[in-house]
Every structure is written in structure tokens, then in C-alpha cells.
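Shown below is the structure under consideration.
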Amino acid sequence: MTAVERRLGDGSLARIEPDPYVAGAMQLLLDGTPQSHVNPDAPSDLFFEYVRRMGHVIDAVREPGAPITALHLGGGAFTLPRYIEATRPGSQQQVIELNGDLIDFVREHLPLPRRASLRVRRGDAREKLSSLPKGLLGAVDVVVVDVFSGAQTPAHLTSTEFYRELEPFLAPQGVVLVNAADGQSQRFARAQAATLESVWQNVVALAEPQVLKGRRFGNVVLVAGLTNAFPLHRLMAAGPHPAKLLEGEDMQRYIAGAQPVTDTTAEASPPPPDSLFGSSR
């Protein structure tokens with residue numbers, strides 16, 4: 001497949017192009033910055049480090065291969081929905097994506113598996129929660145929060161009130177996965193950890209050690225709602241390496257006085273440095 005691009009209704013330029021390093025894989029870029037990476041012929045291959053970490057959490061949620069119910073806030077090129085369908089056939093999935101033009105562009109050039117039980121809803125991730133089927137209440141095994149407007153997570157998708165709106169959907173052993181992109185201060189990621197902890201007591205963080213130390217900009221995967229039986233050791237063993245998992249006292253030191261975010265105090269995630277990916281996120 002050759003590269004294709006389209007000017008979307010919001011003025012952004014979407015481009016799908018072959019990955020020059022991974023045969024058969026494709027990248028989705030918005031205004032020149034990488035948003036998703038998929039391999040249509042091998043959807044279980046996850047390229048971005050933080051997405052692989054999320055995939056390892058999803059692997060451990062239920063018995064290997066067992067279907068799950070998943071809710072994805074943020075669609076992109078549907079990397080994790082494709083992964084779940086490939087590794088857990090028969091799963092029930094819902095995706096909420098704000099940019100309808102992007103959905104059409106991706107589905108035209110990177111079609112979703114025909115057999116997948118995957119419903120894509122267009123609109124704001126928080127606003128659309130109220131229109132989800134009532135049957136999802138108490139039934140969702142994994143909620144993935146990976147929403148970006150441009151290069152930043154919108155403020156209204158970072159607050160305690162927002163996460164409390166997700167809580168009723170979780171199954172008894174369900175988990176919430178949050179992608180928190182942050183840099184030197186880790187102020188945003190630490191505040192997100194504190195916010196999740198105000199709703200679910202058991203929260204852990206997964207990332208490359210230099211990111212958690214604030215030495216470079218990157219993605220921190222926050223996992224909330226874990227039970228004591230969740231096999232955290234498997235996440236560390238799975239990589240990608242180098243990797244660090246913060247839990248218990250280590251997690252409390254990481255939060256270190258950061259306060260939960262409310263709708264009143266919420267701010268968008270920090271923009272990445274211009275040098276990252278050549279421009280932005």
C-alpha cells in the first residue's frame with residue numbers, strides 16, 4: 001500500500017503511510033505526528049512501547065484467549081481494538097472517537113476485521129458515555145482512555161468527575177487503562193495517578209524508568225481498579241524493557257502530594273517538545 005492522505009473537516013491533515021522499518025505495517029499521522037501504528041496482517045503486533053504495555057495488561061485481565069468486553073475512548077487507527085479481536089476472538093467492543101472524518105479515512109484504507117463485534121460511535125468521549133447501552137453497566141472488563149486533541153489530552157477527560165462516570169461500567173474485576181503523556185516535571189501524570197486513586201484505591205504506573213524520573217518526555221500507562229489477584233509480575237516480565245512498575249509505597253512516593261484533579265482545576269496534558277517526532281506528539 002502506498003501513502004494516502006486527506007484533509008479532514010477540522011483542518012488537520014491525516015496521512016496513512018507504510019512503516020519503512022516494519023514490513024506490512026502502516027502508520028497514521030495527523031499533521032505530521034504519529035498517532036497510531038497497525039499491522040493489518042499481524043494485528044497482535046504492537047509497536048509503540050506504551051501500547052505494548054497496555055496490551056500486556058489486557059492479556060492478563062482474563063484467561064488467555066477468552067473474549068472480553070472493552071470500551072475504548074479514542075480510536076485513531078483502532079490499534080488495540082484490532083489487537084483484542086486478534087488475541088481474544090468474539091470480544092464485544094465499543095469505540096468512541098470524536099473525529100468522524102478520521103474514522104471514515106481509517107476505515108477506508110485500513111478496514112476493520114469483518115468478523116469483529118466492534119461498534120464505533122462518533123462524538124466526544126465523555127458526552128457519549130450516557131448514550132452507551134445499559135447492558136454495559138457493570139460488564140466492561142477494560143476501559144482504555146487514550147484521547148488526544150492534537151498533541152494533548154483534553155482537560156475534561158482528566159478529572160475525578162470524569163473517572164467517576166466510568167466507574168459504573170466496570171465489571172467486578174475490570175480495569176481502567178490511561179495513557180498519560182508527560183515530561184520533566186511529571187506533574188500531569190502524578191496528578192492523574194492521584195485522581196485515579198481517589199476513585200479506585202489500587203493504581204499502578206508502567207513506563208520506561210527515565211520517563212518516570214522526568215528525564216525525558218514519554219507515556220506513562222496508569223492502571224486502576226486492580227484486584228490483589230492481578231498478576232503484576234507478568235507485566236514486568238513482558239516488557240518492553242527497560243521498564244519500571246510503580247505500586248504500593250513506590251506509587252505513593254511518585255504521587256508525593258499531588259492532588260486529585262476536578263472539573264474546576266483540570267488542565268490539558270502538557271504539549272510534547274518540538275524535537276519529539278520531529279515536531280509534536
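If we keep just the residues of region 201-214 that are outside any helix (DSSP H, G or I) and surrounded by fewer than 19 Cβ atoms within 10 Å (Cβ to Cβ), which is modelled with the lowest pLDDT? Please lay out each step first, then the result.
Let us first name the residues in region 201-214 that are outside any helix (DSSP H, G or I), namely 201-208, 213-214.
Next, only the ones that are surrounded by fewer than 19 Cβ atoms within 10 Å (Cβ to Cβ) stay: 201-202, 213-214.
Details: Gln201: 85, Asn202: 92, Lys213: 93, Gly214: 92.
Ranking the qualifying residues of region 201-214, first place goes to Gln201.
Restricting attention to strands (runs of 3 or more DSSP E) lying wholly within region 1-53, give those where 3 or more residues are β-branched (Val, Ile, Thr) and at positive phi. Reasoning before the result, please.
Numbers: elements: 4-7, 13-18, 26-30, 33-38.
Counting at least 3 such residues, we get no strands (runs of 3 or more DSSP E) at all.
Output the residues belonging to region 215-237 that are under 17 Å from the mean Cα position of the chain (by Cα) and outside any helix (DSSP H, G or I). Write out each step before concluding.
Of the residues in region 215-237, the ones under 17 Å from the mean Cα position of the chain (by Cα) are 217-226, 235.
The answer is Phe217, Gly218, Asn219, Val220, Val221, Leu222, Val223, Ala224, Gly225, Leu226.
Using the structure shown, decide if Arg234 is at pLDDT 95 or above, of a type outside the set (Val, Ile, Thr) and surrounded by fewer than 19 Cβ atoms within 10 Å (Cβ to Cβ).
Numbers: at pLDDT 95 or above: no; of a type outside the set (Val, Ile, Thr): yes; surrounded by fewer than 19 Cβ atoms within 10 Å (Cβ to Cβ): yes.
It is false that Arg234 is at pLDDT 95 or above, of a type outside the set (Val, Ile, Thr) and surrounded by fewer than 19 Cβ atoms within 10 Å (Cβ to Cβ).
What residue, among those in region 175-193 that are surrounded by fewer than 21 Cβ atoms within 10 Å (Cβ to Cβ) and not polar (S, T, N, Q), is farthest from Arg53 (Cα to Cα)?
Step one: of region 175-193, the residues surrounded by fewer than 21 Cβ atoms within 10 Å (Cβ to Cβ) are 183-185, 187.
Checking which are not polar (S, T, N, Q) leaves us with 183, 187.
Details: Gly183: 18, Arg187: 21 Å.
Among those that are surrounded by fewer than 21 Cβ atoms within 10 Å (Cβ to Cβ) and not polar (S, T, N, Q), it is Arg187.
Among all residue pairs at least 6 apart or on different chains, which show Cβ distances below 8 Å where the first residue, located in region 69-81, is under 14 Å from Arg52 (Cα atoms) and in contact (Cβ under 8 Å) with a residue 12 or more places away in the chain and the second is among the charged types (D, E, K, R) and outside any strand (DSSP E or B)?
Filtered contacts from region 69-81: Leu80/Asp146.
Looking for something closer than 16 Å to Ala189 by Cβ, of a type in the set (S, T, N, Q) and not in a helix (DSSP H, G or I) - is there at least one such residue anywhere in region 161-178?
No, region 161-178 contains no residue that is closer than 16 Å to Ala189 by Cβ, of a type in the set (S, T, N, Q) and not in a helix (DSSP H, G or I).
Now, a different point. If you go through region 113-127, how many residues are closer than 20 Å to Thr87 by Cα and in contact with a Ser or Thr (Cβ under 9 Å, 6 or more places away or on another chain)? Talk me through it step by step, then tell me what you get.
Step one: of region 113-127, the residues closer than 20 Å to Thr87 by Cα are 113-120.
From what is left, the residues that are in contact with a Ser or Thr (Cβ under 9 Å, 6 or more places away or on another chain) are 116-118.
Number of matching residues: 3.
The values are calculated or read from the model by the stated rules, or taken from the named source; none is laboratory data. Computed from a predicted structure; not experimentally measured. With ideal geometry, Cβ positions are generated from the backbone for all residues, glycine too; neighbour counts draw on all protein chains shown.
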